[in-house]
Amino acid sequence: MATLSGKKVAILTENGFEEVELTSPKKALEDAGAEVQIISPQEGKIKAWDKDHWSIDLPVDKALDKASAEDYDALMLPGGVMNPDKLRQNKKAVEFAQQFLETGKPVAAICHGPQLLIETGLIEGRNMTSYPSLRTDLENAGVMWVDKEVVTDNGLVTSRTPKDLEAFNKKMIEEIKEGQHVSAAYTHGTHS
C-alpha cells in the first residue's frame, strides 16, 4: 500500500539519536512508499544510541548545509537525549525545522525530538506531547502539553517514547498523506 508514493521525507538528526526512534519511522515511511533521506550536520555517517550504549552507524544522505526544506514534503525528528540538544544549538537545523512549520508541511517529532521545535519560536498555542522531562520546556514555549501516546495538531505529530511508535508512525503517515496544512503562523496569529 504505497500511500506516500511520490512524497519525500527528511529525517533531521545528529549523533546520539535513539536508534529505534529513527529506524522504526524510517521503515514505516519507506513501507508506505515515501522516499526518506537522513539529513545531518555530520557528513558520511551518524551514530545511534540504543537505550544505554552507542549502537549502529547509519549513512547520511545529505549534509544539512546542502539540504533545502523546499525539496521535502515532511520532516521527522527522532529523539535521544544528545541528538536534539546538539540540533537545537545549530542555527541551520533550527532554520530547517522553521521552514516546515512556516509552510504548514507535516512535522513529526518523538520523545526528545520536540526540543528542536522550541527553538523555532513557532509552537506557541500548539497541542503537543513529548518525553515527560520536556513538559516544562514546552509549556514555557506556550505549548498545551498533553500526556497521550500521539498528539496531532494541524500537521504537527508528537509522541512520548518508543512505546508510542506504532501510533506515532500511523499518524505521521496519515498527516503526510494529507499534505500541506494551513501555516501555523497564520492559524495562531503570529504572522506579521
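Each reported figure results from applying straightforward, stated rules to the coordinates on display, with no laboratory input. All values reported here derive from a predicted model rather than from experimental measurement. Cβ: placed from backbone, ideal geometry, glycine included. Neighbour counts: every protein chain shown.
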(message) Quick check of the Kirkwood formula: for the range 1-77, what is the inverse mean of 1/r over all pairs of different Cα atoms, in Å?
(response) 12.7
(request) Have a look at the DSSP beta bridges in the chain and tell me what percent are antiparallel, nearest 5. (result) 30
(request) Any chance you could list the semi-axes, whole Å, largest first, of the equivalent ellipsoid that the Cα gyration tensor gives for the chain, using √(5λ)? (result) 22, 19, 17
(request) Apply 1/(1 + (r/R0)^6) to the Cβ-Cβ distance of D147 and M82, taking R0 = 22 Å, and write down the FRET efficiency to the nearest 0.05. (result) 0.35
(request) Give me the number: length gained by fully extending T103 to K163, i.e. 0.36 nm times residue separation minus the C-alpha to C-alpha distance, one decimal in nm. (result) 18.6 nm
(message) At most 16 other C-beta atoms within 10 Å and a DSSP loop state: those are the exposed trypsin sites (Lys or Arg not before Pro) I care about. Give me the longest piece of the chain that has none.
(response) 52-147
